[in-house]
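Quick note: the coordinates plus some simple rules give every number you see, no bench work behind them. Just so we're clear, the structure is a prediction, and the values are computed from it rather than from any experiment. We place every Cβ from the backbone using ideal geometry, glycine too, and count neighbours over all the protein chains shown.
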Amino acid sequence: MIKTLEILKNVIKAIEFSDKGEFENAIKCLDEVLSLDPKNTLVLYVKGIILKIMGDMDKSMEQFEKIDNNKEKSPLSWTNLICLNFVKGDYEKTLKYIDKLSKISSKCYLSPFHKALIFIELGKYEEVLKYFDELLKVNDKLSSIWRQKAILLGDLGRLNEALECLDRVIEINKNDTYAWYLKGKMLKKLGNYKEALKCLYTAIGLNKDWIHTYKDIGYLELLSGNYDEALKYLSKYLQKFPEDIEAKFYKALVYEHLNKLDDALKIYDEIISKLKDNNFIFKSSLINKARILEKLGKIEEAVETYNKALDNNI
């Protein structure tokens, strides 16, 4: 009885030291007990937690592994070993402890969460989706998981499924800027430009600093023939990212449609001078420049530019 009281006294002192940030003193209190009782589960556990807070992952893992070796079941230690091994990148051990924990607590969110993260690292995306679904069975209002699932489905080309996930995010939180932005991007890929614009405008209505949205709005307004709006949003975007060649190209197209040909030519010249290679924007800029020069009656210069385009195998 006296021994148990002394152990508890030292554990309480260690916790009090830890709450003050005096971690070294806390460890000394626990080591006093461990020198007499090296297999004490409570002391090893508290020491493991304190060492984890101190950032000493290896020594922290040692404490939890000692508990695991001493006991048939140790879910509290396994939980910590899952997190520590994952952070260290030891996915084999992480999965080992996840499997142990799953046999005791099938509803613990840590198991599917860490499995999903591991399979992302390993590039096994169907497995990731499987464990996202397992996690959502634990709590179907985890908007961050619905969002990550949508991103992954989108990357896999399963856009309609991705949109269903984003609708779930918006159902949970209608003010989720990222979800509205992603929905707009995916609707854009599906060619549903009208609905895509609605989503993108909702996104910047919620957060005007979501700057990448401006480029997409500018592009879609260009396609929709709303050139003044396209120019407005592309200009705002380029203030932040002045070296984005694609956005500059869109802006040049807008100037063409607004009959601001000198402004368009200026941008095309800039693109041609910067790229100097055989990609789509470079070649398109040459052709568009030649067409404008022809329209302006600068025939010789137009022919020279067309020849440059031909030299680039257009």
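Just grab the label-to-label distance for Lys174 and Arg291, each label 7 Å out from Cα along the Cβ direction, in nm (one decimal).
Spacing of the two 7 Å Cα→Cβ label points: 4.3 nm.
Kindly give Rg over Rh for the chain, based on alpha-carbon atoms, with the Kirkwood expression for the hydrodynamic radius.
Computed over Cα atoms, the ratio is 1.22.
Sort 164-172, 135-143 by packing, meaning the average of other beta carbons within 10 Å per residue, with the highest value first.
Highest mean packing first, the order is 164-172, 135-143.
With +1 on each Lys and Arg Cβ and -1 on each Asp and Glu Cβ, and nothing else charged, work out how big the dipole of the chain is about its Cα centre, in Debye to the nearest 20.
In debye, rounded to 20, the chain gives about 620.
Under 23 Å Cα-Cα from Lys295, which lysines qualify once same-chain neighbours fewer than 8 residues away are excluded?
Lys248, Lys251, Lys260, Lys266, Lys283, Lys308
Pulled fully out, how much extra length does the chain show between Glu161 and Ile120, if you take 0.36 nm times their separation in residues and subtract their Cα-Cα distance?
Taking 0.36 nm per residue and subtracting the Cα distance, the gain is 12.9 nm.
Please compute the length gained on full extension between Ile211 and Lys130, using 0.36 nm multiplied by the number of residues separating them and subtracting their Cα-Cα distance.
Using 0.36 nm per residue and subtracting the Cα-Cα distance, I get 25.9 nm.
Using Cα-Cα distances under 8 Å and only pairs 6 or more residues apart, what relative contact order does the chain have, in percent?
6
In nm, give the distance between the simple-model label positions of Ser35 and Glu195, each being 7 Å from the Cα along the Cα-to-Cβ direction.
Taking the two extended label points, one gets 7.1 nm.
Is there a pair in Lys20/Lys96; Lys124/Lys194; Lys103/Lys124 whose C-alpha atoms are over 31 Å apart, and which pairs would that be?
Lys20/Lys96; Lys124/Lys194
Compute the signed sum of charges (Lys and Arg +1, Asp and Glu -1) over the other residues within less than 10 Å, Cβ to Cβ, of Asn10.
Taking every other residue near Asn10 into account, the sum is 0.
With an 8 Å Cα cut-off and a minimum separation of 6 or more residues, compute the relative contact order for the stretch 1-109 in percent.
15
What is the Cα centroid distance between the stretch 120-143 and the stretch 192-240, reported in whole angstrom?
32
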